[in-house]
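Participant: I have a structure I would like to understand better, so I am pasting it below and will then ask my questions one at a time.
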Amino acid sequence: MFDTHAHLNFKRFAKTLDDVLRLSHLSGVKYIVVPGTDEESSQKAVEIASRDESVFAAVGIHPHHVFLAHTEFTSRLQFIENFLQEKKVLAVGEIGLDKHVYEDTKYQNYHIDEMFFNLQKEFLIKQLQLAKNYKKSVILHNREAKNDLLGLLNEHWEEYFRGRIVFHCCEPEEELLGFAKNHDIFIGVDGDITYDSPPGRKKQEFIMRVPQEHLVLETDSPFLLPEPLRSQKQYPNTPVNLPIIAEFVAKLRGESIEDLVKITTENALRLFNIH
């Protein structure tokens, strides 16, 4: 199995990382991509990837961290660019657009006004260009900004990006799926697909319509803990739980777990250009 998105670089795993990696491999997870969200976490992702041959890194500035980066736009992008020469760095990410106002996080004091959102767009365009220049893949974050994201991608689309982008934790929107199918973009599915709630059921209906060749698995660790672990409050989420997501998706789609694991792993290898 291939966990295409696990934030093992976050402080939540500072004391347990070695055990998490060991148990993840024992659970059948062969590959893991650790994405950055800012300079510090990107550097940590590279460090983790250098210690384990089955772990790879992505580096980038998350849309909500753009607010922190705008005063030193060029130097912060240069910091990210420096990592793109590392062999274990396979992608630029987690980057994108986000209009959601988060609560109980470091983001809650930032009002997403027009200036802030324009900065997000500017950083996204620059980071997409870095990905192309250094022949890296792209991990795209989108929350409540699909029209802006698709408009930006249409405006800046290049054939290089075909088969090299994933919509991380993709919102269950037909416009995103249509664009993904037309542009050979992958759809990331996470533990929230197991939730018995209106958003969870909408995600389930959506994932059933995703063509097999566009699907990849991700945990988004330490977030989006799948059921039944979520109800049992067995936090944090880790790549160890990827089989739970895989089994749920396979059953939902009426596919064998063996076929689902095989095709999603092959998709992820193609996404990140691993031969």
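Read the figures in this text as sums done on the coordinates, not as results from a lab. What you see is a predicted model; the values in this text were computed from it and never measured. For neighbour counting, all protein chains shown are included, and Cβ atoms are generated from backbone atoms with ideal geometry for every residue, glycine included.
Participant: So what is the 222 nm mean residue ellipticity for the chain from helices alone, if each DSSP H run of at least 4 adds -39500 (n - 2.57) and you divide by all residues, rounding to the nearest 500 deg cm²/dmol?
Facilitator: -13000 deg cm²/dmol
Participant: For the pairs Lys126/Lys146; Lys136/Lys202; Lys121/Lys202; Lys99/Lys262; Lys11/Lys181, note any where the Cα-Cα span goes beyond 30 Å.
Facilitator: Lys136/Lys202; Lys99/Lys262; Lys11/Lys181
Participant: Ratio to report: Rg/Rh of the stretch 173-275, with Cα atoms as the point set and Rh obtained by the Kirkwood method; give two decimals.
Facilitator: 0.96
Participant: Turning to a different aspect of this structure: Considering only the other residues whose Cβ falls under 15 Å of the Cβ of Phe13, what net charge follows from Lys and Arg at +1 and Asp and Glu at -1?
Facilitator: -1
Participant: Check every DSSP H run in the chain and write down those whose alpha carbon atoms cover 20 angstrom or more along the long axis and whose mean Kyte-Doolittle hydropathy is -0.5 or greater.
Facilitator: 114-133, 257-271
Participant: Would you indicate which of (1) 21.2, 66; (2) 28.1, 99; (3) 17.3, 51 is the value of Rg and Dmax of the Cα atoms in Å derived from the coordinates of this structure?
Facilitator: Read-out from the structure maps to (3).
Participant: Give me the distance between the Cα centres of the stretch 16-61 and the stretch 164-237, rounded to whole Å.
Facilitator: Cα centroid of the stretch 16-61 versus Cα centroid of the stretch 164-237: 20 Å apart.
Participant: If you don't mind, another one. Where in the stretch 249-275 does the label zone of Arg209 land, with the point 7 angstrom along Cα→C-beta and an amide N cut-off under 18 Å?
Facilitator: 252-254, by backbone N distance to the label point.
Participant: Then there's this: Hey, can you grab everything whose amide H is under 5 Å from the amide H of Ala145? Only 5+ residues off in sequence or another chain; H modelled, so Pro and N-termini drop out.
Facilitator: Amide H neighbours of Ala145, under 5 Å, 5+ apart: Lys99.
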